[in-house]
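Here the structure comes first, spelled out in structure tokens, and everything after it is commentary.
Every read-out reported here was derived from the displayed coordinates using simple, explicitly stated rules and does not represent laboratory data. As the structure is a computational prediction, the values presented were derived from the model and not from experiment. Ideal geometry is used to build each Cβ from the backbone, glycine not excepted, and the neighbour counts take in all protein chains shown.
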Amino acid sequence: MKKKEQPKAVKELLKYAGNYRMLTVLGLLLSAGAMVLGMVPYLLIWLTAKDLISVAPDWSKATQIVNYGWAAFGFSIAGIIIYFAALMCTHLAAFRTATNIRKEGMKRLLHAPIGYFDNHASGLLRSRLNDAAGETETLLAHNLADIVGAVAMFVSMVVLMLLFDWRMGVSCLIAAVISVLTMASMMGGKNAKIMAEYQRAQDNMSKAGTEYVRGIPVVKIFQQTVYSFRAFKESIEKYSNTAEYFTNRICKFPQSLNLTFTESAFALLVPVALFLAPRAVASGNFAEFFADFVFYAVFSAIISTALSRIMFAANGIMIGRIALDRINDVMDAPALEETPEPKEPKNNRITYEDVTFAYKGSNKKVLEHISFAIEPGQTVALVGPSGGGKTTLARLIPRFWDVSSGSVKVGDVDVRDMKMETLMKQIAFVFQNDRLFKTSILENVRAARPAASVHEVQEALEAAQCMDIIEKLPNGIHTVIGSKGTYLSGGEQQRIVLARAILKDAPIVVLDEATAFADAQNEALIQKALASLMKDRTVLMIAHRLSTVVNADNIIVLNGGTIEEKGTHTQLISLGGLYSRMWEEYQKAANWKIKVKKEG
């Protein structure tokens, strides 16, 4: 994606502000006005110095000094109040903008294919959406107001510097010119790309950190260190190297030069003043000359402040632009297209018609010319070697992805011609990596049907063989999973997930390795729960444990993305093909025992 230029990035960000956009504009105008008012006291300092010098040593004749003092105080207070009002406006707009970005991003993700989340880690999405939206708050609340105010201050400063004695004014401006050039060298051109790399490195470190935290149990079990988690280690090194390169190689010398000149602007003023002093004495204008020198000596001190504001604000805008690029990565997530004329399924029949599928950006076909049907009430099993396309094929029904060619139909209607809401009501899923939320058992099960009563949830839990789990929990179905040491085993979690699917009461069930994490005892209970879930429903199941598919109405053997065999268990055994060999290997594995050789 093409990177946004800074002005365009700000303009695009303000689109998210909605009705609050004008508050941002008002805040910027107020900030500029506050900075201009902040310059007036320096003019009054010059007038005070001029009055005092002109009547020296009879200071009593300087009658306007008190008025100048009160005027300076009044302008300073007015500037502070107006700047406060400016920040109030920009903060309100910034908070609303960040909120709208998060809402729009979540809306976009809700309309993305479910398969999108397989390739986009949750930690990375959170960083791109939540953290990047937070970075725009700093930009819109502070940086924009500061840079507009700093520009107004700088313009006012240039006018004042050239107003009294342009030669001393130019000497002070030399520091400003050098500062602007050094800032441009640090943040412009190719160096802006380095900052973008820095942000990407930060994103990758956040993603890898999340994955590492999730993998800590494995690391601890095998007594490994953080260095064993290669991706995390490499992301830290990449971030460290990028930050070190940007600060030491790019910013070190320019920033040193910048600070040297801006902090010593007065040193550039002194030689010019010494050069002009003799002429002022000769012309009899030394008093006015000295007043001008006092003004520039005082005024040179604010050059550093003005330029530092511009530098930090410009840096904030650059970070905001990069944040917008990260936000747009989320906003550019593909959206499932929904037909304007949705159709209703006629029955529970599932049909694959000449289905071919390849992941976006890949030329390799995962599935090729797959055709078969599952009649209402039938159970069809998908088996075959790992990587054969079983899970991908099953996930085409709920539109994790859309087919590259061909069609997947539910109730004789192409799933692309149905409302997603309608399609999801037709299907219950149980996947091997299903997760439970950190909330009560009740709410975890009721996620399938939020309006369900407590009694209905209890019935679903009973059908899913979960009552032994409920009985041992301190608060029964109201126990929060993960709180106060309350954790469930993999098999127990899978039974809760099955209860959720049972409560949904959908006519079609898709099962993907539903017994993957179960021990022998849990597997027996899960099989009973599956019997309740599958009764009188259309079922598509994926299994590596071939014992679970023996009674299926039809078994589809996938190998390399194509159908190699299909039929009942008995028919496939008699063929002596791939399924028969798989069954033989499965039987050997099931009967495998550890033998201990006895000595003597």
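Placing unit charges on C-beta atoms (Lys and Arg positive, Asp and Glu negative, everything else neutral), compute the dipole magnitude of segment 315-436 about its Cα centre in debye, rounded to 20. Mind showing how you got there, number by number?
On the way: 16 positive and 17 negative charges, 78 e Å.
With only Lys, Arg, Asp and Glu charged at Cβ, the dipole is about 380 debye.
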Amide H within-cut-off set for PHE431, under 5 Å, with H built and near neighbours excluded:
ASP512
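Give me the mean projected area, in nm² to one decimal, of the convex hull enclosing the Cα positions of segment 417-509.
Orientation-averaged projected area of the Cα hull: 6.2 nm².
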Subtracting the Cα-Cα distance from 0.36 nm times the residue separation, let me have the gained length for ALA184 to LEU276 in nm, one decimal.
29.8 nm
Order of 273-282, 80-89 by packing, highest average Cβ count within 10 Å first?
80-89, 273-282
Would you list which aspartates and glutamates come within 14 Å of LYS566, measuring only between C-alpha atoms, while excluding same-chain residues fewer than 8 positions from it?
ASP553
The aspartates and glutamates whose Cα lies under 16 Å from the Cα of LYS472, excluding any fewer than 8 residues away in the same chain, are GLU462, GLU492
Cβ neighbours within 10 Å, averaged per peptide: list 139-148, 392-401 in order, most packed at the top.
139-148, 392-401
Setting aside same-chain residues fewer than 8 positions from LYS346, which aspartates and glutamates have a Cα under 18 Å from its Cα?
GLU375, ASP412, ASP414, ASP417, GLU421, ASP505, ASP536
Along segment 36-46, what does the Karplus equation 6.51 cos²θ - 1.76 cosθ + 1.60 (θ = phi - 60°) give for ³J(HN,Hα), rounded to whole Hz, x for Gly and Pro?
5, 4, x, 7, 4, x, 5, 5, 5, 5, 4
Ranked packing of 541-549, 358-366, most packed first, by mean Cβ within 10 Å:
541-549, 358-366
For segment 369-451, the Rg and Dmax computed from alpha carbons only, in angstrom:
15.1, 44
Stokes-Einstein translational diffusion, segment 358-496 - Kirkwood Rh over all Cα pairs, 0.692 mPa s, 37 °C, in µm²/s:
184 µm²/s
